[in-house]
Every structure is written in C-alpha cells, then in structure tokens.
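I have placed the structure first, in the form of structure tokens, so that the comments after it can refer back to it.
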Amino acid sequence: MRKGLLLTTTFIIIAITTHAQISKGAVFLGGNINTTSNKQTYSGNTNEYKQQTINIAPSMGIATTNNQVWGFTINYGHTRTTNSNTPEDYTYNSYGGGVFYRRYVPLGKSFYLFGEANGGYGYSKQHQNFIPTNIDRTIRTDVVYLGAYPGITYAVRNNFHLEVGLNNLLRMEYSNQKTTNIEAGTGNTATNKNFSFNTNASSAGLLTIGFRFIVGK
C-alpha cells in the first residue's frame, strides 16, 4: 500500500510539473487594467476633492526559454479631478510604452507565481482653466521609469491565463514637468525636475488585473 501511495504521489507531482510550464517559443498577447479612486474631505468645510484614474496597457511577449518571457507594452491613462467648491473639472490623458522581463515559477497545476521587471517612457499633457482668475494652464510631463512587481497567474486553459499583481510595488522614476500659465495674454513657464524611488504597498491602486492569450504553447 505504501509503495502504491508513493508511486501515485510521484506520478501526480510529475504530471503537475509537466503541465505547469510555459514552453520556449510561446507568444503572449494580452494586457493589464488598473484603476484608482481617491477622495479627500477637508476639515472645517464642505470641500471635497475627488480623483479617478484608469490605465490600460496592452502587451506582447515571447518565451525565450521555458517560463521566461521578454516583451513590450504600450499604455494609455485617463485621469479626472474634481473639486466640489469650484466649477473646474480637470482631465488629462497620458501615453507611453516600454519593455518587460517576466519569470514564472510553477506553483502547481494551473497556477504560477511570477516576478516582472519593466522600464519605459511616459508622456502626459494636462489642460486647466481656472474660471475665477481666468488663468489658462498647460502642464506637460515626461517620465522615464524602472519598476518591478510580483503576481499570480491562473491558467484557465492552456492558451488563456488570468492574473493579478501588486502594481508598481517598486518604482524608480525621473520626471521633467513644464507648467505654462497664460493670464491676460501674458505667459510664463516653470520647470520642475524630480527623481524618486517609491513603493505602492499602501496605495489604493495596489492591484492590477490582467490576461494573456498564449499562442504556440
């Protein structure tokens, strides 16, 4: 009986390990979606500040070796900010792209743990119009970044994966922001350069949800 149990356990382990592998040459098509929502109420008054953001990032990659994927991604983001005490409603769009490297570790049948490192460039342009003061403002921001985060993938089928990750758990970036204000036909420009290293461990937008179609696996 013990021998039979040992053989059965060994067979199950081999079957799980064999199934849970992303083969060299497999092509990944998919992407991630991330949303955040922030709300602040200031003490002593009824002023309420809201900001909502959505980011969409389609991607493509190829497994250069078993369980290792190199690829590229493009992204689009949209943010809307409102303030209950003023009539202004600010929106801006952002665009960007980059490359990534991902390593998968099989956890068992249909499940993987993965770690991803990525880097790229982002660009955004925001337009604001302050109605009471009649100031027209344009803000352009260029960002170069490096990031890393872990996640878990579930293979619904051999050719379709769902995943959830800790969005930008680690992120290092350099940004260059130019703000131009025009008031009564007179303009002025201010530049702000910043280098930062941070973690999103306590952010409201911690989780990113994605999917992957696998071709040629």
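Looking only at residues in region 110-141 that are polar (S, T, N, Q) and surrounded by 13 or more Cβ atoms within 10 Å (Cβ to Cβ), which one is farthest from residue 32 (Cα to Cα)? Result: 129.
For region 104-141, a residue qualifies if it is over 16 Å from the mean Cα position of the chain (by Cα), among the hydrophobic types (A, V, I, L, M, F, W, C) and assigned to a strand (DSSP E or B), and the qualifying residues are 105, 107, 111, 113, 130, 135, 139.
Condition check: in a strand (DSSP E or B) and either open to solvent by 80 Å² or more (accessible area, probe 1.4 Å) or on the phi > 0 side of the Ramachandran plot (or both). Does residue 144 satisfy that? Spelling it out, residue 144 is indeed in a strand (DSSP E or B) and either open to solvent by 80 Å² or more (accessible area, probe 1.4 Å) or on the phi > 0 side of the Ramachandran plot (or both). Does residue 44 meet the test of being of a type in the set (Gly, Ala, Ser) and either at pLDDT 90 or above or more than 29 Å from residue 115 (Cβ to Cβ) (or both)? In short, yes. As for region 138-145, it holds at least one residue that is at pLDDT 85 or above and under 23 Å from residue 69 (Cα atoms). Note on region 170-196: residues that are loosely packed, with under 13 Cβ neighbours inside 10 Å and modelled with pLDDT under 90 amount to 7. Of the residues making up region 167-185, those that are more than 17 Å from residue 128 (Cβ to Cβ), part of a strand (DSSP E or B) and not small (Gly, Ala, Ser) are 170, 171, 172, 173, 174, 176.
The values are calculated or read from the model by the stated rules, or taken from the named source; none is laboratory data. In this text, all values refer to a predicted model and were calculated from it rather than measured experimentally. Note: ideal-geometry Cβ built from the backbone for every residue, glycine included; neighbour counts use all protein chains shown. Surface areas here come from the heavy atoms of the whole protein model, side chains and all, with no ligands, DNA or RNA. Shrake-Rupley method; radii C 1.70, N 1.55, O 1.52, S 1.80 Å.
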